[in-house]
Amino acid sequence: MSLIEARDLLAIPEGDNTTDAVFYGIHFNLTTLEHWNYTYYSNGTLSNGSWCLLMDPPYTPKVVLGNGTFLNGTSCYLATEPIGNRARAGIGFAVGFALSLVFVLVNLKKHGQLHLPAEKRFYPIGRRWQWYWSIFVCAAALIGLFTGIDVDRYRVVELPLVLNVFFWFLMQMGTMAVVWEGVRHWGSWMERQFIDPNPFVLQQNDKRGMFEFWLPLFFYFWLWLNFFLIVPRNWGTIELQRAPDQTAEFAMPAATDGRFKAATFCLFVCWFTIMVSLWHSIRHYEPRNRGFFNRIIGFLGYMPFRFTLMLPLSLAVVGYQGLCAWDFGLSPLNAKSNLLAMYLGGYAPALLIIIVQFIAGFMRPNEDRELLRQRRERGQAIDQELGFVRKPAWWRRVNGDVPTGSMRDRIMRNVREVGGGRPTARHIERLAEQRAAEAESDTATRTNAIEMNEMRRTNSVRSNTPGSVPPPYSTYGGKSDQRRSERTMQMAAGLLFPGMNPEASTDRGRDLEVASEQTRRPGTSERSSSTASGMSTSGPPQQIRSMLDI
């Protein structure tokens, strides 16, 4: 009997006789209603467990058929009610998230743009993750808040409540990821500035580098564990809030079960990991202070101001999610929740974190531009130490020292001048033939036009051999590039050293009696007494009458 009273069941209004029922002036067959087990509730709905219809005007059906079907009936699971306070507050927060999304996109364009070549150690996507997660938070909040409008408009709790809560949990996870990526990337930015003057000052596989490699994996492990503890579940039990006893029996235990409590613990581990990452970055990339209190003061001083706001707000996100896991009356899962606690604890921290994030993004410069500025300042400081005055940019343009064409054009011009492959070999052969022809013409037209006696070269043994004259050059007509190169080198050697026989290199070990002869280097005013010379040692010395004759 208590169950009937809790659900506020009402007797079907009687009509003109025992088989007649009247709802707001419209008569229905009472026998048919009782046959199909229809029950009338105090909220103006008629239901048999399978079908639910609104019976108050202007949604009152016109007639019921013998099979239990109503004509011109309106289902209970439609948005027929006016918006309430939950929807009004949600629209206000949705406007805030929509405006924040625009500013987040502007910051993504500003900070994601590259002005320096991408480095393998610092991927460009690393600086963009915080803005990607901010977009995710804004999108999840917008979807959840706009679906939350229908929570008040449904007379019977249904799907809009589940969608509103589902995207609210996604927004909570994304908010923690925004704070994490902001802190992690700040440490990466500190490292990038630290190693920019000397890239080898810090190794990537040392203890510090491996800690920075595993810490993001640790954070996202607990974040995804929070996701899997919350999202994969039977959300239909959350919808069972159509009567007070139904809420107490089904919805409240499902909204405060052990999985929600464990998910809160996982989210707190994520927040603690953020604090460890911040401490690690300050410890390795900022000057160290001595003493416990000095280190605490230094930690707070080196930490960017935006983190002093974002970290407490992210802790509020964790705290409110834990509060919802223990108190159903303050949870967004409750269709009749405390709206002040719900929006101040559930949506305000996430919105404030996004606002702090994009305001700080507007105040910070692009990292590549900042790195270029630091390099410029270091170069100017080094120039001042060396006493070097760098000419302004317009100096080369005024003096005409401006290279024509692009770098690609200049490289192609150098390649055409040098050549390569088979065209280069043909060029060498052409030069060799030209030099051989010039040497023959010089030999034919050579005359003694000086007053002093002709200065003869001391011939070696091989220069007196019959084969001392280089053979005429013949172009190699085969297909072997190696043989063609050898022929070209032999010809070049014959032009540079006419007395050398190119094929003498194969006669190693021969003419040992010539090589074994002892030679004596002549002094300053002595003739050579070498027997390997073709010149007679008794010949008269050359007479030089004047230095002008040389």
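The values are calculated or read from the model by the stated rules, or taken from the named source; none is laboratory data. On a predicted model such as this, the values are computed, not experimentally measured, just so you know. With ideal geometry, Cβ positions are generated from the backbone for all residues, glycine too; neighbour counts draw on all protein chains shown. We work out accessible area using only protein heavy atoms, side chains counted, and drop any ligands, DNA or RNA first. Shrake-Rupley method; radii C 1.70, N 1.55, O 1.52, S 1.80 Å.
Tabulated data
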read-out	value
FRET efficiency for residue 120 and residue 297, using Cβ-Cβ distance with R0 set to 35 Å, rounded to 0.05	0.40
Average accessible surface area per residue within region 7-99, 1.4 Å rolling probe, Å²	55 Å²
Cβ-Cβ FRET estimate between residue 16 and residue 80, R0 fixed at 25 Å, reported to 0.05	0.25
Carbon plus sulfur fraction of accessible area for region 115-179, probe 1.4 Å, in percent	68 percent
Heavy atoms of residue 297: accessible area, 1.4 Å probe, square angstrom to 10	110 Å²
Accessible heavy-atom area order of 120, 109, highest first, probe of 1.4 Å	120, 109
Expected-Rg normalisation [2.2 N^0.38 Å, Cα atoms] applied to region 98-253	1.42
Solvent-accessible area, 1.4 Å probe, carbon plus sulfur percent, for region 7-91	52 percent
By accessible area with a 1.4 Å probe, ligands and nucleic acids excluded, highest first: order of 389, 276, 201	389, 201, 276
Separation of the residue 208 and residue 411 label points, Cα + 7 Å toward Cβ, nm	3.6 nm
Heavy-atom accessible area order for 296, 26, largest first, 1.4 Å probe	296, 26
Accessible surface, region 164-267, averaged per residue in Å² (probe 1.4 Å)	44 Å²
Region 181-326, accessible surface, carbon-and-sulfur percent (1.4 angstrom probe)	71 percent
